[in-house]
Amino acid sequence: KNPCIKSVLSDSSKLTGIIDRETHLHQPSCTRHPSQCMCTSVAWIWAFQSPPRGSSPRSGKWMLFPDKGDVDAAWATVRQLVAQGQLGPGAKVVPAYRARAQYIICVYTADYDDSADV
């Protein structure tokens with residue numbers, strides 16, 4: 001693996017200011033990396049700001065479809081940007097046991113009409 005990606009992945013697990021809504025459903029040994037999570041009771045791996053930002057009638061989402069080889073680095077970047085308040089109030093990614101050929105990362109936005117937020 002690329003050492004830069006390994007660094008991003010290990011650093012992202014220490015982020016503060018975000019919560020995983022399903023953290024209690026992960027197995028203790030789970031890394032919470034999308035390509036490795038086989039916790040069958042977990043529907044999504046979440047990253048939402050804590051405290052959460054409010055939603056609005058203009059809330060929306062956009063999606064990324066990374067391949068297995070790219071999903072962990074993409075998710076680490078998304079989590080970091082959510083934690084820093086640069087990407088919207090939250091995001092989620094499908095874990096490995098539910099993924100098909102591509103993974104899905106959903107990034108929520110407070111206002112779908114605000115191009116800076118999107």
Practice prompt. Quick one: which residue in Ala47, Ala74 is hydrophobic (A, V, I, L, M, F, W, C), free of Cβ contacts under 8 Å to residues at least 60 places away in the same chain and open to solvent by 20 Å² or more (accessible area, probe 1.4 Å)?
Written response: Ala74
Discussion item. Among the residues that make up the stretch 25-38, is at least one of them at pLDDT below 75 and either open to solvent by 60 Å² or more (accessible area, probe 1.4 Å) or assigned to a helix (DSSP H, G or I) (or both)?
Written reply: no
Worksheet item: Among Asp11, Asp20, which is of a type in the set (D, E, K, R) and at pLDDT 85 or above?
Response: Asp20
Worksheet item: So which residues in the stretch 75-118 are of a type in the set (D, E, K, R) and under 13 Å from the mean Cα position of the chain (by Cα)?
Response: Arg79, Lys92
Worksheet item: Which residues, counting only those in the stretch 46-72, are within 26 Å of Asp114 (Cα to Cα) and modelled with pLDDT of 90 or more?
Response: Trp46, Ala47, Met63, Leu64, Phe65, Pro66
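The values are calculated or read from the model by the stated rules, or taken from the named source; none is laboratory data. A quick note: this is a predicted structure, and the numbers were derived from the prediction, not measured. Cβ: placed from backbone, ideal geometry, glycine included. Neighbour counts: every protein chain shown. Side chains included, ligands, DNA and RNA excluded: accessible areas come from the protein's heavy atoms. Shrake-Rupley method; radii C 1.70, N 1.55, O 1.52, S 1.80 Å.
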